[in-house]
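Student: The following block contains the structure, expressed as structure tokens.
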Amino acid sequence: MAPFTRKKETLFLIIFALAIILIPLFVKNKYHFMVMNIVGLNTIVVIGLNLLIGFTGQISLGHAAFYGMGAYLSAIFTATFGFPPWPTIVLAMIITGMVAYFVGYPSLKLKGHYLVMATLGFSIIVHIFMVELDRITGGPSGFPGIPHLSIGAFVFDNDFKNFYLIWTFVFFCILVSVNLVNSRVGRALKAIHGSEVAANTLGIDTDKYKTKVFVLSAVFASLAGSLYAHYITFISPRSFDFYYSIQAVTMVIVGGMGSVWGAFFGAGLLTVLSEFLHVAEKYNIIAYGAILTLVLVFLPEGIVVGFYNFYRRRKIKSMIEKRGGEFRV
Amino acid sequence: MLNIDLINTYYGQIHALKDLSLHIEKEEIVALIGSNGAGKSTLLNTVSGVTPPRTGSIRFNKTEISRRSPEKIVAQGIVHVPEGRQLFGPLTVFENLELGAFLRFSRESRKDIEKDLRYVMELFPILKERREQKAGTLSGGEQQMLSIGRAIMGRPQLMLLDEPSLGLAPLVVIEIFNVIRKLQEDRTTILLVEQNARAALRIADRAYVLETGRITMEGNAKVLIEDEGVKKAYLGNDYREKRRRL
Amino acid sequence: MKKGLLIILVFGFCMFSSGISDGAEPIKIGAIFSLTGPGAHIGVAQRNSVLIAIDEFNKKGGVGGRPVEMVVGDDESDPTKAVMVLKKMVETQPIVALIGPTRTDTGMAMIPTLEKEGIPTFMHAGGDVIITPVRKWIFKSPYRAADAMERIALHLKKHNLNKVGFLHASDGFGKDGAAIVDRLAAKHGFELVAKETFDMKDVDMTAQLTRINARGPQAIIIWTIGPPMGITTKNARALGIKVPLFQCHGAAEPIFFRLAGDAAEGVMMPSTKIVVADKLPDSDVQKKKLVDYIKEYEARFKDTPGTMVAYGADAAYLLLEAIKKAGPDRAKIRDGLEGMKGYVGLSGVYNLSSEDHTGTTVKDIALVKAEKGRFTLVE
Amino acid sequence: MNSEIILKAEGIRKYFGGVAALNDVSFEVRRNEITAIIGPNGAGKTTLINLITGIYPPTSGKIIFEGKTISRLKPFHIAYQGITRTFQNLQVFHNMTVLENVMVGLHTQTESEFLNCLLHLPKVKREERRVAEEGASLLRFFHLESKSDWLSSSLPYGEQKRLEIARALAGKPKLLLLDEPVAGLNIRETEEMAELILKIKKMGITIILVEHDMNLVMGISDKITVLNYGQKISGGTPEEVQKDPKVIQAYLGEE
Amino acid sequence: MGIYEQILQFVLTGLTIGAIYALVALGFNIIHNATGIVNFVQCEFVTLGGMMMYTYYSLLGIPLILSFFLSMATIILLGALIERGPIRAARSKAIIVLVFITIGLSSTIRGTALLAWGPDNVPLPSFSGENVIRILGAAILPQHLWIFGITVGVVIFLQYFFHRTLIGKAMRATAVNRKAASLMGISVNRMVLLSFAMSGGIGAVGGMIIAPITTSSYDTGIMLALKGFSAAILGGYGNNAGAVAGGLILGVLESLGAGLISSKFKNAFAFLILLLVLFFKPTGLLGYGESERV
């Protein structure tokens, strides 16, 4: 889909920032805060993944591994070795990024299902390491006692404070992503999605860009993982298995590929939906699957892009009709 | 036998055929000539149901077929030999021929089908030798023969032939065209699309010249072969005049 | 969008919280189990076991006429979800105590919140990390894995089986066991000849058992819960391994016979007495309680209770006992639990204290053997 | 008007799984001329273009552009050398607007990388403004300015073809390769395209043209190279080629 | 047990488990060839095979052989329904959308299975007893022979079907060239339908023959399907000989890895080899390159 114009993006960003500031005035419930915080963390992962899948057209089923690496690196360095949390988050992002580079460079030469398998295989290997290196990671029982983040004496030790912390990061992630997709690099990524060969003949080093955006998306996931670890203060491998990868890619698709805001909506809708469906108790999984299927069958472009394109097509149609032309899709 | 009336076909966003009409009589060879991109292949695809027309009608033996799926049209007796042969590469020559008769297995006896198989092997003895070889490993000429042979196996009343001489050495082209003539003698009607205009016009009864989706000339093949306009349709107008205008 | 999200959330909460009320205001207890996901096969049985305990309690008059109501949540076997379910419960229901969760990792994830909120919690999780170190608000009802393994070790010592092979799952429970077996080997002086692991989703453990068998063990201990109990037993028998096989303290379930088939014959395991209640001497203090409970359970769920049920029910019994004495006050309930001495439960005689949040010892644990589709008491 | 040679192919061979698509083809392109490559279907024309633009390397032989061997370079390197192209099957980026398509074409003319773009530094802002302006002026040149924020997929076919040329031109190439620029266009559009190509030539850009439309080829080319069965069978001015019996035979069949 | 007997044991068990992976991989391949997608419902085909067998045999008391074929028929029907329903109705035929539709379906079916059969594992009796068979010092169960035998049977059947029957040839033709197939009068939709039905049947067989060893529950299929997919990719996606080779290689590698190197990292070991193969041969062991036309 076409991007919003720069001005519109700025307007949205301002509205979004205001919403983040104002929402806590209306919410008093820890649970609702926690749901929103998880939405926020998922959003960060999904924004990164969307840059890779939605914009560049390269599918990864391995981002749970990067999410987990962020969480575990933060946990191990701070709780076990007593590193200060903030620099550790950056360190975790750097290490995860490096790993992503070494995995991504050979993997992204693969096409289609082979790329999916390579990323999936990688994430399974990482998961096995989380489980088996139990002296360091705490193994399957998990890693407890991770410190909350703090600034000076101010500790982010409840859902409300973490709301501001997490959503500030979400805001900046959206901001930099909006910057990126509306830039030379963003256009290059979309061009790779549109036609890799054509992109290459226009001077875009497609291998380099694919690897770089893979690294960037891994770094986003790592950041979310670190925030998750410091927020919940406990992590276990179960949170970073391949179901999470599938869930994240589903969020990308349901929100709409190739739209930064779509990533936010996808993460929000699916996270809230699965919470909401607890009403259905044992029909929960069935309902979740059925809704997912229906959305994809009837709104394959995803919710945000789907509606946006619908609106856009109508607009163009009316424009053309005014000029007396013929409209075809 | 086949009546095409004012069809318009779009290929993606390209308006490929514009108000096109033509007709073919029983046991005729009709050639369709014109330069690349004129819409010849699109016309065949439209008749065989691959890219149905947006408007207009196509009647075959008085039955309207323009809204039918390719499978149904094959069942009516029209078989399309597509451009680029479109063989099933990993399957053997024999299997390719068998699949040509796909629809007949449920209606006809094996004997009839085997009779046609022998007929094809007689027409193209090389295919008999290559029976168990994978179609993808054949040479270009052999592939073209197999492609035509596969179509014969469907025992069509009307055969649509798309560029049978494409990329073939001259001797092979002669062989293929001999077979086409033989098919006509055996009472098959043929609509032949060719870039190799001279060869096509030599065996055709009638011909149509197609330029950018429209028919610009039609008539007796023997007459058209001498026409200067045909040459222009291929090699372009005298360029000096053109350049002056630009 | 944000507004829409809020509406959805509020709407959901309204639908969820429309509870039942008859007469006296009920006292609410939260109960979080893994009803879906990989822990579901234990979670569902646990929920059933707790249901019986609560109904029995309410029939006897509840807390001064006020019934106790269980608010059930499903953590989907996922730590993040577990915390969310817990927070939702804390925010929307006036729960005085919590039962569950099923798994060690979901339990660990919930601990920070539980400690902060001050909710007395009786967990069902198997892992000892839950109560080591002792946490103010957290108790657990299944035996300490260390105690259960000790029970096996005592048996080995008695029969002079000194070379032991150990096979465990790579999940939390299995790894916990792997750490304990090292300690016990040192303590009781047996030799650990081989130690192998497998993934919970694996379908064949022949390779691992072959490796163990090659080292000539005199006994093999297998530490896992769920389907692998059956697969390992079958694989071991198929390999012609004749030495005594031991499973963990979660294996004494009717399902063990279905999972292991004929191979189950002769396998030993630590267990609660619930699976051998009818074979207990009448002098056993637990016997009457066990027999009554089994009757009730069989009538209601058309199924024979296994050892897991006993752990689940005890968590409820102990909590209810404490609530009865202390009333709906979280802090008093907690204190009451720590003061619980000599309480006769299904799994043993509980002596809780500020140092011991499990309350059972190796003496409470029976060693049972699978024989002809039933469990029999070994010692 | 024999100007300097800008591109030279020497003994190019290309095999696909043992089958020769091009067999010992040599030819030259002179600066600021339009050189057409023609030949019947399957003659190897598109393969030749793909070799020049580095989509695949030749099996043997050499391609020299402005004195530098480019036959082993990756496509994006070749773009930086000053060669861009269009495609026979349109490769317009359908997921982007018309303006964005052209802006991608300016990739080689700009240099902001990931970090700068993420942070939207002032340098990036300036560059963006420049790119948008240049893109817009290109669209004006191609009469597409009124549709600059349309999704490129919603353009009519003929305009998509123009857009692809605009995109290729944005990279300020010295050599532009056009693969069947008028295929699928009607007569009026074809004439417009011919004018456009001549205008591009006037800008000082050398052009290689692969095309079946002989009116166009004969009308605007300076030199023509004719391929058949992967071999060069003729070459020269349009008049020479039009009269060459080998060419007539290749196109119309045996006399 | 000497080291050679041990290795023999590892190879034998690896081959039987590998046979299951191969079956699942074949199921993936058949649908891939017809549609180009990864069908996640393959997990549920395997799961339901075991669960239906349990239902027919243990709950309804239908004889073993009859139960076997009834279960197969049920899953074949399910496969067909999935194609006729959501897959054909999908507005977008983009591969990623279709793949995620199958993920949604997979979740729905898994939830339904949980509701229908509960979370517990259910047992199935071995087809012919549990008396251990000894081969050169290695021990296997009769069921292992069944697994191997039935897999070989399925492979032979598929070989026969795809190379000797008209419909089979038509399916291969459709996979090679949809357009040409429809020009021969072959209905592409019907071939896709058939491929869903067939891979349902094959998945079900896999689920049924492994269940007596592993027991069966509402989510047993996931890990088998994951390994099966890996096997399919390892062999070259879409290539049936590759699927069989990939499955057996993966099974043996795992078993040898667990037996000789470390049981802790045996899965990591298998996936690591898979990654290395992909890095050096990007289309799997026996895959054809996908050519890109410009």
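The values are calculated or read from the model by the stated rules, or taken from the named source; none is laboratory data. On a predicted model such as this, the values are computed, not experimentally measured, just so you know. As a convention, Cβ positions derive from the backbone with ideal geometry for all residues, glycine included, and neighbour counts pool all protein chains shown. For the accessible areas, the whole protein counts, side chains as well, though only heavy atoms, and no ligand, DNA or RNA atoms are used. Shrake-Rupley method; radii C 1.70, N 1.55, O 1.52, S 1.80 Å.
Student: Sort A:W261, A:W86 from largest to smallest accessible area, using a 1.4 Å probe on the heavy atoms of the protein chains.
Tutor: A:W86, A:W261
Student: Just counting partner chain Cβ atoms within 10 Å, what average do the residues of peptide D:31-42 show around their Cβ?
Tutor: Shielding by partners across D:31-42 averages 2.
Student: Related question: Report, in listed order, any pair from D:K62/D:K246; C:K242/C:K295; C:K163/C:K287 with a Cα-Cα distance greater than 29 Å.
Tutor: Listed pairs above 29 Å: C:K242/C:K295; C:K163/C:K287.
Student: When the solvent-accessible surface of protein heavy atoms is calculated with a 1.4 angstrom probe, in what order do A:Y244, A:Y283, C:Y143 fall, highest first?
Tutor: A:Y283, A:Y244, C:Y143
Student: Probe 1.4 Å, all protein chains in place: accessible area of B:Y11 in Å², nearest 10?
Tutor: About 130 Å², ignoring ligands and nucleic acids.
Student: Determine the shielding of peptide B:218-227 by partner chains: average, over its residues, the number of Cβ atoms on other chains within 10 angstrom of each Cβ.
Tutor: 0
Student: Amide H of D:I233 versus every other amide H placed in the peptide plane: which residues, excluding those fewer than 5 positions away on the same chain, fall under 5 Å?
Tutor: Residues meeting the amide H criterion: D:V226, D:L227, D:N228.
Student: Ok, one more. Across chain E, how many lysine pairs, 8 or more apart or on two chains, come within less than 18 Å at their alpha-carbon atoms?
Tutor: Within chain E, the lysine pair count is 4.
Student: Under the Karplus relation 6.51 cos²θ - 1.76 cosθ + 1.60, θ = phi - 60°, what is the ordered set of whole-Hz ³J(HN,Hα) values for the range C:122-129, x standing for Gly and Pro?
Tutor: The phi angles translate into 10, 8, 9, 5, x, x, 6, 4 Hz.
Student: To the nearest 10 Å², what's E:I62's accessible area with a 1.4 Å probe?
Tutor: 40 Å²
Student: Can you bin the range A:100-157 into rounded, prolate or oblate? Criterion: square roots of the alpha carbon gyration tensor eigenvalues sorted a ≥ b ≥ c, rounded for a/c under 1.5, prolate for a/b above b/c, oblate for the rest.
Tutor: oblate
Student: Quick one: in chain B, what % of C-alpha pairs are over 23 Å apart?
Tutor: Every Cα pair in chain B considered, those over 23 Å come to 50 percent.
Student: If a/c stays under 1.5 just call it rounded; otherwise compare a/b with b/c (prolate if a/b is bigger, oblate if not). Do that for the range C:145-271, with a ≥ b ≥ c from the square roots of the Cα gyration tensor eigenvalues.
Tutor: rounded
Student: Let me ask something additional. Over 31 Å, how big is the tail of the calculated P(r) for chain D, in percent of all Cα pairs?
Tutor: Everything past 31 Å amounts to 26 percent.
Student: Give me the percent of DSSP beta bridges within chain C that run antiparallel, rounded to the nearest 5.
Tutor: If I count the DSSP bridges inside chain C, around 25 percent turn out antiparallel.
Student: Only bridges whose two residues both fall in the range C:11-155 count here: according to DSSP, what percent of them are antiparallel, nearest 5?
Tutor: 5 percent
Student: Now, a different point. What ranking, highest mean first, results for peptides C:206-215, B:204-213, C:62-71, E:124-133 when packing means the other Cβ atoms within 10 Å averaged over each residue?
Tutor: C:206-215, B:204-213, C:62-71, E:124-133
Student: If you average over every viewing direction, what projected area does the convex hull of the Cα atoms of the range A:6-283 give, in nm²?
Tutor: Taking a quarter of the hull surface, the average projection is 15.4 nm².
Student: Among the listed pairs D:K174/D:K202; C:K158/C:K187; A:K30/A:K161; A:K208/D:K8, give every one whose C-alpha distance is greater than 18 Å.
Tutor: Beyond 18 Å between Cα atoms: A:K208/D:K8.
Student: Tally the DSSP beta bridges in the protein assembly as shown and give the antiparallel ones as a percent, rounded to 5.
Tutor: If we restrict to bridges inside the protein assembly as shown, about 50 percent are antiparallel.
Student: Using every pair of alpha-carbon atoms in the range E:14-144, split the distances into 10 Å bins beginning at 0 and state the percent of pairs per bin, rounded to integers.
Tutor: 11, 34, 33, 17, 5, 1
Student: Need one value for A:202-210: mean number of C-beta atoms belonging to other chains within 10 Å of its residues' C-beta atoms.
Tutor: 6
Student: In nm, give the distance between the simple-model label positions of B:E27 and D:Q109, each being 7 Å from the Cα along the Cα-to-Cβ direction.
Tutor: Rounded to a tenth, the inter-label distance reads 6.7 nm.
Student: Given H placed on each backbone N at 1.01 Å, which residues far from B:L91 in sequence or on other chains put an amide H within less than 5 Å of it?
Tutor: Placed amide hydrogens put B:A135, B:G136 under 5 Å from B:L91.
Student: Still on this structure, I have one more. For a distance above 17 Å, tell me the whole-number percent of Cα pairs in the range D:93-167 that qualify.
Tutor: Looking at the range D:93-167, the distances longer than 17 Å represent 43 percent of pairs.
Student: Let me see the P(r) profile for the protein assembly as shown: every Cα-Cα distance counted, bins of 20 Å, each bin given as a percent of all pairs.
Tutor: 9, 32, 33, 19, 7, 1, 0
Student: Pairing the Cα long axis of helix C:2-17 with the longest principal axis of chain C, what angle in degrees results, from 0 to 90 and rounded to the nearest 10?
Tutor: Relative to chain C, helix C:2-17 is tipped by roughly 80 degrees.
Student: With θ set to phi - 60°, apply the Karplus curve 6.51 cos²θ - 1.76 cosθ + 1.60 along the range D:113-129 and write out the HN-Hα couplings as whole Hz, x wherever there is a Gly or Pro.
Tutor: 10, 2, 4, 4, 5, 4, 8, 6, 5, x, 4, 5, 4, 4, 5, 4, 4
Student: Specify whether the C-alpha gyration tensor of chain E places it in the rounded, prolate or oblate class, a ≥ b ≥ c being the square roots of the eigenvalues: rounded for a/c under 1.5, otherwise prolate if a/b is larger than b/c and oblate if not.
Tutor: Verdict is oblate for chain E.
Student: So, one more: Distance cut-off 27 Å, Cα to Cα: go down the list A:K212/D:K74; D:K172/D:K243; C:K289/C:K369; B:K222/D:K223 and report the pairs above it.
Tutor: D:K172/D:K243; B:K222/D:K223
Student: Cross-link partners among aspartates and glutamates for C:K157, C-alpha distance below 13 Å, same-chain residues fewer than 8 apart left out?
Tutor: C:E191
Student: Compute, for B:M217, the solvent-accessible surface of its heavy atoms (probe 1.4 Å) with the complete set of protein chains present, and express it in square angstrom to the nearest 10.
Tutor: 50 Å²
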